[in-house]
Amino acid sequence: MKKTRNPLLLFLLCLLVIPVQAVSVVDDNGRTVTLPGPARRIISAAPHITELLYESGGEGHIAGVTSYSDYPESAKTLPLVGDNRRLDMERVLSLKPDLLIAWSGGAPVRQIAQLERYGIPVFYSDPKKLEDIPETLIRFGILLGQPETGREKAAAWRKRLAALKKQYENRPVLSVFYQVSERPLYTLNGKHIISEGIQLCGGRNIFSDLAVLAPRVSLEAVLERNPDVILISGSGGSSSGAAFWQRFSIVEAVRKHHIFQVDADRMDRPGPRLLEGISALCGQLEIARKR
């Protein structure tokens with residue numbers, strides 16, 4: 001008797017023998033991270049990482065996040081596994097992640113090393129320049145098995161960046177003090193990604209010459225350098241905000257009312273929304289130029 005062949009059954013059998021291709025990328029610490037296949041259960045250990053994963057097509061593949069991972073809206077519903085100082089190790093392991101992405105600049109290093117010993121691959125993310133953001137989108141796309149999505153999002157980001165640069169090139173330069181916190185008074189040096197954004201807008205960071213990435217400065221130093229504009233981060237300013245500076249009318253920024261608050265979520269996170277923050281900052285500097 002002749003046996004009939006079931007085409008659907010043959011198709012399913014073929015799928016079973018198709019090998020899953022390994023994926024491999026280099027992280028921001030220069031380490032090669034190789035996975036046996038695309039990541040499907042990722043732990044995001046920083047808010048900017050969560051945003052970059054969503055932008056790269058990672059929705060549905062993020063198993064857990066750390067505190068302040070609140071964008072996009074659906075990120076608020078993801079399991080919380082700790083913060084930048086401490087991870088809930090039991091919770092992390094219970095989620096059975098196949099990849100953990102951590103921020104080099106703020107992560108519980110010992111706990112992450114322990115998770116690596118348990119066999120969980122770790123990718124370190126630390127964008128230091130604007131160009132690092134589209135590069136991260138590409139690498140996250142590869143890790144997710146969606147390289148086309150990563151490349152498309154990166155190309156769109158670069159196009160928007162180029163347009164912003166062209167819009168504000170050759171603008172009159174304004175000296176800028178970027179206030180990270182008020183008490184104590186912290187700022188950023190010229191190597192920080194936010195300083196690159198300030199420069200793009202035609203600004204000059206008055207503390208760009210300092211060696212420390214996020215240095216503590218004295219009030220006297222700010223008064224001496226006399227900035228044209230003061231930008232106050234929403235995450236680090238106190239409730240007094242601009243009122244703190246009003247008694248220092250000798251400062252150009254105070255005298256001309258060039259004190260602005262910036263959106264911390266958009267400016268302080270080196271993620272997809274950083275261009276929105278920089279665009280708003282450029283607009284604030286334009287206001288200062290016209291006064």
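The values are calculated or read from the model by the stated rules, or taken from the named source; none is laboratory data. Keep in mind that this is a model prediction, so the values were computed, not measured. In this analysis, Cβ positions are derived from the backbone assuming ideal geometry, glycine residues included, and neighbour counts consider all displayed protein chains. Side chains are part of the model used for accessible areas, which takes the heavy atoms of the whole protein and leaves out ligands, DNA and RNA. Shrake-Rupley method; radii C 1.70, N 1.55, O 1.52, S 1.80 Å.
Structure notes:
- Translational D in µm²/s for region 111-159 (Stokes-Einstein at 10 °C, 1.306 mPa s, Kirkwood Rh from C-alpha pairs): 133
- Per residue accessible area in Å² of the chain, where ligands, DNA and RNA are left out and the probe is 1.4 Å: 53
- Counting 0.36 nm for each residue step from Gln21 to Glu135 and taking away their Cα separation leaves a gain of 38.9 nm.
- The residue list Phe123, Val109, Ser175 was ranked by how far each Cα lies along the charge dipole of the chain toward its positive end, using unit charges on Cβ atoms, and Phe123 comes out on top.
- Hydrodynamic radius (Kirkwood) for region 108-200, which is based on Cα pairs only, to one decimal in Å: 16.3
- Helical segments meeting 20 Å axial Cα length and Kyte-Doolittle 0.0 threshold in the chain (DSSP H): 274-290
- As a fraction of the 1.4 Å probe accessible area of region 170-268, surface on carbon and sulfur atoms comes out at 49 percent.
- Of the chymotrypsin sites (Phe, Trp or Tyr not before Pro) in region 52-119, the ones in a loop by DSSP (not H, G, I, E or B) with at most 12 other beta carbons within 10 Å are Tyr118.
- For region 161-255, convex hull volume per residue from C-alpha positions, Å³: 103
- Contact order normalised by residue count of region 112-206, Cα under 8 Å, 6+ apart, percent: 24
- Using alpha carbons only, the radius of gyration of region 228-291 set against its Kirkwood radius gives Rg/Rh = 1.00.
- Rel. contact order, % - alpha carbon contacts under 8 angstrom, at least six apart, the chain: 14
- All-pairs Cα distance distribution in region 59-161, expressed in whole percent, bin size 10 Å: 14, 41, 37, 8, 0
- In the list [x] 45, 21, 15; [y] 32, 21, 18; [z] 39, 20, 16, the label attached to semi-axes √(5λ) of the Cα gyration tensor in Å as derived from the coordinates here is [x].
- The chain - mean residue ellipticity at 222 nm from DSSP helices (-39,500 (n - 2.57) per run, n ≥ 4, rounded to 500): -11000 deg cm²/dmol
- Charge dipole (debye, nearest 20) of region 37-84; +1 at Cβ of Lys and Arg, -1 at Cβ of Asp and Glu: 240
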